[in-house]
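The values are calculated or read from the model by the stated rules, or taken from the named source; none is laboratory data. Keep in mind that this is a model prediction, so the values were computed, not measured. Neighbour counts are summed over all protein chains in view; Cβ atoms, including those assigned to glycine, are modelled from backbone coordinates with ideal geometry.
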Amino acid sequence: MFNVAVVGIGWWGKTIVPLLKQSKKIRVDKVVEVNAAGIADFARQHSVEIVPEFSAVLNDPKIQGVVLCTPHTQHTDQIVAAANAGKHVFCEKPLSMTRADVLRAIKAINDNKVVLAVGHEKRFEPPVLEAMALVKSGKLGTPLQIEANFSQDKFLTLAADNWRLSGKEAPAGPMTATGIHLLDLSVGVFGEADRVFASVKQLGSQLVNGDTLAILVSFKNGGHALLSAMLATPFEGRFAVYCTKGWVEVRDKTHPEAPEGWVLTTAFQGGKREVKEFAPAPNVLANLEAFADAAEGRAPYPVPQSQMIANISALEAIFKSAATRSIVQVES
Ligand SMILES: NC(=O)c1ccc[n+]([C@@H]2O[C@H](COP(=O)([O-])OP(=O)(O)OC[C@H]3O[C@@H](n4cnc5c(N)ncnc54)[C@H](O)[C@@H]3O)[C@@H](O)[C@H]2O)c1
């Protein structure tokens, strides 16, 4: 078993710890939480030891890897510290807030010969795997354009001072919560972005950081992505790739928190639309187990570092574009 410490036991840490109980590959040895008293009941219920200090698990020889579920601006420094302590790292999204920081994180990972994995579990959804394989196979022809949407109204009940609603931790409104998953999938299809234009507005809620985000990404190797993320409308999850010989769309039936599966639709030139239903599948766990497989040398982690860098480079440009209301060139 691959022994990890889960760091940050809030919404997502509390989702991941019980999931890992089901795994035959990866085991939670400790949890790290600054508000240790606040998770005492949770730790008892799941029989895990709480340590309040991140440095304690970095110095613990039993811990082979860390799973970071902390606020966004802490990620880069925590990745670097963990890598320098020889620990493999699974980090929740976004890996970093700037290109310079993701390069710093990946340098520390590679200098210390450890593995980096990222919480983009949409890549592990069975219909997304099928859609991506179809696009890569060439059967749909040349990819032209992506249309994708990840919207929800979960944040409407958050306290106004929650870190997730701050301009520092979450620039461009919904971008770091949901838009980043769509950007990651788009980079998976088209590679490095060239230019972006992002517009964020506060149209339907009290969320002063913005609740309605529209993005146009233009990619170096051709193709666009039209990404939509809202925080003031009920859940929607959709990812579609339009190509010269056909198109493919994955639509979530429900919010991933209470999954009911997906619908995959394909259409080929001259043919009829085909619709395929997918039952719910444990994609968050699949991602974490892919991390364990990579750390223990069984298989490479499926998201290449070049795509991690391309995603954060485009993310930084989106932040700048939303702030300046202008088209921004993506650094490379
Ligand atoms: N992949 C997904 O679909 C998904 C879903 C939800 C959240 N997330 C990501 O998970 C991360 C956490 O989000 P959340 O919604 O769980 O936030 P949260 O505020 O609910 O939880 C964060 C927790 O981290 C703790 N914390 C803060 N600094 C710490 C530190 N230095 N050491 C230890 N604990 C610390 C806080 O006390 C809090 O309990 C974010 O990166 C977020 O984007 C990913």
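Put simply, of Asn149, Asn221, Asn209 the only residue that is at pLDDT below 95 and within 29 Å of Ala267 (Cα to Cα) is Asn221.
Out of Gln78, Gln64, which single residue is touching a residue at least 12 places away in the same chain (Cβ under 8 Å), over 22 Å from Leu182 (Cα atoms) and near the ligand (Cβ under 10 Å from one of its atoms)? Exactly one of Gln78, Gln64 is touching a residue at least 12 places away in the same chain (Cβ under 8 Å), over 22 Å from Leu182 (Cα atoms) and near the ligand (Cβ under 10 Å from one of its atoms), namely Gln78. Within region 81-93, the set of residues being in contact (Cβ under 8 Å) with a residue 40 or more places away in the chain and more than 7 Å from the ligand (Cβ to nearest atom) comprises His88, Phe90. Only a single criterion out of (1) within 17 Å of the chain's Cα centre (by Cα); (2) in the same structural domain as Val189 (by TED's automatic domain parsing) is not satisfied by Ala105, namely (2).
Scan (1) within 27 Å of Gln305 (Cβ to Cβ); (2) of a type in the set (Val, Ile, Thr); (3) assigned to a loop (DSSP other than H, G, I, E, B) for the single condition Val196 breaks and write down its number. The one condition Val196 does not meet is (3).
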